[in-house]
Amino acid sequence: MSAKIYYDIDANLDVLKDKTIMFLGFGNQGAAQAQNLRDSGIPNEKIIVANRADSYAEDAKSKGFNVVSDFGAAAKDADVVFLLIPDQVQPRVFNTEVAPNLKDTAAIVVASGYNVFFKLLNFKPTQDVIMVAPRMIGSSVRSLYVKGKGFPCFISSEQDGTGKALEIALALSRAIGATKAGAIASSVREETAMDLFAEQALWPNVIMLFREAFSVLKEAGCSDEALCYEMWMSKEPAEIFERAAEDGFIQQLKHHSTVSQYGQLNGALNLDGSAMREHFKNILYNQVLNGKFCKEFSAIEEDLEKEGDANPLNVLYQKSEASELGQAEKRVRARLAGLL
Ligand code: NDP
């Protein structure tokens, strides 16, 4: 299956003429996307940054934006709303403060599929719902734009209330600099499936592999210092992925020694992936796509703002740091900092 890729030529900025564009949130993505959009020619007076009165608001003011702290008042004026506050607070804030005040024909833009896919946001059927999801952290969204370069991005029209949702999605993508390198047609289902799969299936296995490898090599007599450096502190894994992006997932192996190439290719081909495939399918279908994780996460969402052990994330950090790898790294880092 190949996806459609949209470029600048596919997008018409005139679609945004006279539209008032509200950025809810001026954090990682909000700050970057609002500045890019303005630098693409959207008049400053047509942009509203909605943020609680604090350091993010001050940052937006210092960059010359019109900042309001009353989200409802901003929503009343908005034709387009970029939802750029953390995913876990979006339903609470959007449904209570923004949605009741929005125009019937407003376009709501998300940068992540999660809340739309799991139907946690209340939209009117006459409104447009769009995903413009950069595959980059906010600082890179801004710095690549400033350098005149694009960045990878997924876009989709999820609800076409006005009949112009895709046109608006393309114009906004161009205005934030996403169609310069090519924006990939996607969907909130695809984006959410890939994101949560990576977070709940792929990377947990990577963490587990490193944790177990560490223990096996330590038991075989390797020192904590040597292991930490060998396994990640040298930044070798980061370089491997950098090369994979540039040269190819398999072709990057050619930068390694012949012994290493032989060992890696032969070793990987000899591994039977069928049990892992079943495990992956189980996570994808019975945890991610069926909404099980979403339900569990919604139940703890408010606890994530608590202090100490009342915050489940803190407890997970403590348990993970208690592993042999976690403890060893703490000692090595303290020693390197001259603390031991
Ligand atoms: P941030 O964590 O940077 O968001 C911070 C902003 O949200 C600030 O303006 C903050 O203002 C506001 N905010 C936080 N809590 C609340 C609240 N309870 N009520 C009102 N405003 C609040 O978010 P990101 O930019 O990281 O993420 C925004 C969206 O972009 C998400 O959907 C995310 O999935 C997506 N995304 C993020 C990427 C990234 O690199 N981070 C990459 C691609 C997509 P204040 O605290 O002052 O109220």
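The values are calculated or read from the model by the stated rules, or taken from the named source; none is laboratory data. All of these numbers come straight from a predicted model, not from anything done at the bench. Ideal geometry is used to build each Cβ from the backbone, glycine not excepted, and the neighbour counts take in all protein chains shown. Note: accessible area is taken over every heavy atom of the protein model, side chains too, but ligands, DNA and RNA are not part of it. Shrake-Rupley method; radii C 1.70, N 1.55, O 1.52, S 1.80 Å.
Which angle between 0 and 90 degrees, to the nearest 10, do you get for helix 165-175 versus the longest principal axis of the chain when only C-alpha atoms count?
The answer is roughly 70 degrees.
Could you report the chain's accessible area per residue, 1.4 Å probe, as an integer in Å²?
Solvent-accessible surface per residue comes out at 56 Å².
Could you give P(r) for the chain, binned at 10 Å from zero, as whole percent values over all Cα-Cα pairs?
Answer for the chain: a P(r) of 5, 20, 28, 24, 16, 7, 1 percent.
Given a 1.4 angstrom probe, I'd like the percentage of the accessible area of the chain that is carbon and sulfur, rounded to a whole number.
55
Per the Kirkwood treatment, what hydrodynamic radius in Å, one decimal, follows for segment 81-158 from the mean inverse distance over all distinct Cα pairs?
Value: 13.4 Å, from the Cα pair sum.
Could you pull the Cα extents of segment 11-96 along its three principal axes, largest to smallest, in whole Å?
Between the extreme Cα coordinates on each principal axis of segment 11-96 lie 33, 27, 21 Å.
Mind checking the dipole of the chain: about its Cα centre, +1 per Lys or Arg Cβ, -1 per Asp or Glu Cβ, Debye to the nearest 20?
Values: 36 positive and 45 negative charges, 105 e Å.
My answer is approximately 500 debye.
Under Stokes-Einstein, with the Kirkwood radius over Cα pairs standing in for Rh, what whole-number D in µm²/s applies to segment 74-116 at 10 °C and 1.306 mPa s?
Reported coefficient: 150 µm²/s.
Using 19 Å as the Cα-Cα cut-off, could you pick out the over-long pairs in Lys119/Lys306; Lys76/Lys124; Lys61/Lys180; Lys103/Lys180; Lys119/Lys281?
As for pairs spanning more than 19 Å Cα to Cα, those are Lys119/Lys306; Lys61/Lys180; Lys103/Lys180; Lys119/Lys281.
Which of the aspartates and glutamates could be linked to Lys63 by a straight reach, that is with a Cα gap under 20 Å, when you skip same-chain ones fewer than 8 residues away?
Within the straight-line limit of under 20 Å, Lys63 reaches these aspartates and glutamates: Asp39, Glu45, Asp54.
Which distance in nm do the two modelled labels at Ser40 and Lys218 give, with both placed 7 Å along the Cα-to-Cβ direction?
4.9
So for the chain, taking the charge dipole from beta-carbon charges (+1 Lys/Arg, -1 Asp/Glu), which of Pro100, Ala74, Gly291 sits furthest toward the positive end?
Highest projection toward the positive end goes to Ala74.
Mind checking which of Phe241, Phe197, Phe297 has the largest fluctuation in a GNM of the chain, springs on alpha carbons under 10 Å?
Phe241
Compute log10 of I(q)/I(0) for segment 209-340 with the Debye formula, placing one identical point scatterer on every Cα and leaving out solvent, at q = 0.09, 0.15 Å⁻¹, to two decimals.
-0.46, -1.14
Please report the accessible area of Cys222 (heavy atoms, 1.4 Å probe, ligands and nucleic acids excluded) in Å², nearest 10.
50
Using a 1.4 angstrom probe with every protein chain in place, what is the largest-first accessible-area order of Ser223, Ser186, Ser173? The partial results should precede the final answer.
Working: Ser223 50, Ser186 25, Ser173 0 Å².
My answer, sorted largest first, is Ser223, Ser186, Ser173.
Label segment 217-281 by shape, choosing from rounded, prolate and oblate, from the square roots a ≥ b ≥ c of the eigenvalues of the Cα gyration tensor; if a/c is under 1.5 it is rounded, and otherwise prolate applies when a/b is larger than b/c, oblate when it is not.
Oblate, since a/c reaches 1.5 and b/c is not below a/b.
In a GNM of the chain with a 10 Å cut-off on Cα contacts, which of Tyr56, Tyr145, Tyr229 has the highest mean-square fluctuation?
Checking each option, the largest mean-square fluctuation is seen for Tyr229.
To the nearest 20 debye, what is the magnitude of the charge dipole of segment 204-336 about its Cα centre, counting +1 on the Cβ of each Lys and Arg and -1 on the Cβ of each Asp and Glu? Don't jump to the answer; show the numbers that get you there.
Working: 15 positive and 22 negative charges, 55 e Å.
That gives segment 204-336 a dipole magnitude of about 260 debye.
Tell me the angle of helix 312-321 to the major Cα principal axis of the chain, expressed in degrees between 0 and 90 and rounded to the nearest ten.
The angle comes out at about 20 degrees.
At 222 nm, what helix-only mean residue ellipticity would the chain give, in deg cm²/dmol to the nearest 500, using -39500 (n - 2.57) for each DSSP H run of four or more? List each step's numbers first, then the result.
Values: 16 runs with 154 residues, N = 340.
Calculated from helices alone, the mean residue ellipticity at 222 nm is -13000 deg cm²/dmol.
Out of Glu167, Glu324, Glu242, any idea which swings most in a Gaussian network model of the chain, alpha carbons joined below 10 Å?
Residue with maximal mean-square fluctuation among Glu167, Glu324, Glu242: Glu242.
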